[in-house]
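The values are calculated or read from the model by the stated rules, or taken from the named source; none is laboratory data. Given the structure is predicted, the values throughout are model-derived calculations rather than measurements. Note: ideal-geometry Cβ built from the backbone for every residue, glycine included; neighbour counts use all protein chains shown. In case anyone asks, the SASA skips ligands and DNA or RNA and just uses the protein heavy atoms, side chains included. Shrake-Rupley method; radii C 1.70, N 1.55, O 1.52, S 1.80 Å.
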Amino acid sequence: METAVSTTPSEGPGRSRAGRSEWIGLSVLALACLVYSMDLTVLHLAVPEISAVLHPTSSQLLWIIDVYGFMVAGLLITMGTLGDRIGRRRLLLIGGSAFGIVSVIAAFAPTAEMLILCRALLGIAGATLAPSTLSLIFNMFRDPRQRSVAVGVWVGAFSAGGAIGPLFGGVLLEHFWWGSVFLLAVPAMVLLLVLGPKVLPEFKDPNAGRLDLLGAAQSVLTMIALVFAMKQIAQDGVSVSALVALAIGVATGVLFVRRQLSRPDPMLDLRLFRLGAFRTALTVNVIGVFVAFGYFLFIAQYFQLVLGMSPLQAGIAMAPSGIGFIVGSQLAPRIVRVVRPAYLIGGGMTVAAAGLAMLTQASVNDGPALAVAASLLISLGLAPVFGITTELIVGSAPPEQAGAASGLSETGAELGGALGISILGSLSIAIYRGDLTDLPVGLSPEASESVRDTLGGAVAVADSLPEQLATAVVDAARDAFVHGVHLTAGIVAVAALVLAAISAVKLRHIPAGDLPGHE
């Protein structure tokens, strides 16, 4: 239960429409979201160089990429509760400071293990940022139409990060080392720390529940254990360590759910899942983010390691996708006034499925046109889905549970992104390794292991081989990688079509016009 109160005069009794200060504050929140998103997409372009310089195993590479998202998801509810106690603006500024400092450390990480640690710390810092942005937006914008626009800006900021991240990252990677991409976050966080105290109101919950440290530990342990098991199975097959981790994750998850259901002030109010519109919207939102983050990882590597594009060229090729997210998220609030949310969401997921189906036709010898067009379709289809489902998630809950619904929305998005990278990444690696059982004769055992680990490792090994053998190795690795992309894109395309049908049926009772809201 949450009834946020402001400690500034910008929000008070009788004030339902946002004014100038709220819109300026929104721009600051959008800046935080932009960096939050940019940090992930920038890293995708750096994967080939990280593979060549730090020589991570396939499991370590996945940890480098997605431990950030899993730490965010695991700690999001905990940090949301902390924000209720100390103030969401204060938590945002603390998180911004930590994010900037750790980004500098990550830029100079000397080993894969150190980079994984830095990414985990960035995830902890990111978990302090995420709860503040959406919660502040829903408290600053009480008018349903203004709030719809503000949520569109919020979604657009994430999309903008996806668009400019590869471009800026590509420029840096053309001239500097892989760690330079982390430094992009530093000036943005400095701006946040300078402007935040001036334009953002402070919100606290006077009835905030106690910080449940045991519940927080259970949620993090559940997620990390399950992901570890998934990665170990993808890399080495079923093993004792993977089964033990799986058992720990499931057992701890059951304890976490039982604890939340029995507490009077749970960190995660699972009773909200009894609401049909809430349950459907959250499911679609999570799977939509799952699709977006998963395919984005493949595209970055496809452009660079399969088609041989430079980081800057890959960044430019990925820009239309980011622009599509921005355009789609800004058009959605206008379209939903005349089209039922069910049909807009269902149509969007169908368009995304068409783009994913196109990716199943990408080949080693193609130019980038097909992948660019497919990415644009996917982003145009998914963009309206994120903003509308976010409003449905929060708006369908009772007023006294709006804060809990907001936290679940953010948690679901982070979890969907991290699962997309982990599950689709693990599936792709399993296919890749399965296709490379018969490598060309002439490779040493060490070289063979590196080739089977990652596509980046295969390209790095090829640089030290005779030309004919290098060509055979790279061709086999690229074919295996593209095969993995085909199968995973096809699976996710089918999932998107199923979600489109579910959305059209389960949400059809919601009319066109303003989405549910709380005054």
- Query: For the Cα atoms of the chain, what angle does the longest principal axis make with the long axis of helix 425-435, in degrees from 0 to 90, nearest 10?
  - Reply: 20 degrees
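So how much slack lies between ILE101 and LEU243, counting 0.36 nm per residue of separation and subtracting their Cα-Cα distance, in nm? Could you put the intermediate results ahead of the total?
On the way: separation 142, 0.36 × 142 = 51.12 nm, distance 3.68 nm.
Full extension of this stretch gives 47.4 nm more.
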- Once the dipole of the chain is set up with Lys and Arg at +1 and Asp and Glu at -1 on Cβ about the Cα centre, which of SER396, SER321, LEU75 lies farthest towards its positive end? SER396
- Message: Counting just the Cα atoms, what span does the range 275-394 cover along each of its three principal axes? Round to the nearest Å and put the largest first.
- Response: 48, 24, 20
- Item | the range 314-347-the range 258-309 distance, computed between alpha-carbon centres (Å) | 18 Å
- Kindly report the accessible area of the range 427-510 per residue (heavy atoms of protein chains, probe 1.4 Å, no ligands, DNA or RNA), in Å². 48 Å²
- Using a 1.4 angstrom probe with every protein chain in place, what is the largest-first accessible-area order of ILE502, ILE224? ILE502, ILE224
- In nm, to one decimal, how far is the ILE24 label point from the LEU214 one, both placed 7 Å along Cα→Cβ? 4.7 nm
- Dividing the mean separation of Cα pairs under 8 Å (6+ apart) by the residue count of the chain yields a relative contact order in percent of 23 percent
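Multiply the residue gap between PHE176 and ARG258 by 0.36 nm, knock off their C-alpha separation, and tell me the result in nm, one decimal place. Show your work: numbers first, answer last.
Values: separation 82, 0.36 × 82 = 29.52 nm, distance 4.99 nm.
Value of the extension gain: 24.5 nm.
For an R0 of 60 angstrom, estimate the FRET efficiency from the Cβ-Cβ distance between LEU270 and ALA369 and round to the nearest 0.05.
Details: r = 46 Å, r/R0 = 0.77.
Rounded to the nearest 0.05, the efficiency is 0.85.
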- Message: What distance in nm separates the two pseudo spin-label positions at ARG145 and GLU113, each 7 Å out from Cα along the beta-carbon direction?
- Response: 5.9 nm
- Query: To the nearest 10 degrees, how steeply does helix 276-301 sit against the main Cα axis of the chain, on a 0 to 90 scale?
  - Reply: 30 degrees
- Item | Distance histogram for the range 444-497 (every C-alpha pair counted, 10 angstrom bins, percent rounded to whole numbers) | 25, 42, 20, 12, 2
- Query: Looking only at Cα atoms, what is the convex hull volume of the chain per residue, in Å³?
  - Reply: 128 Å³
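Size of the dipole of the chain about the Cα centre, Lys and Arg at +1 and Asp and Glu at -1 on the beta carbon, nothing else charged, in debye to 20?
Using only the charged Cβ atoms, the result is roughly 1980 debye.
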- Using alpha carbon centroids, what distance separates the range 133-179 and the range 426-458, in Å? 37 Å
- Given 15 as the ceiling on other Cβ atoms within 10 Å, longest exposed-site-free region of the chain for trypsin sites (Lys or Arg not before Pro) in DSSP loops: 18-209
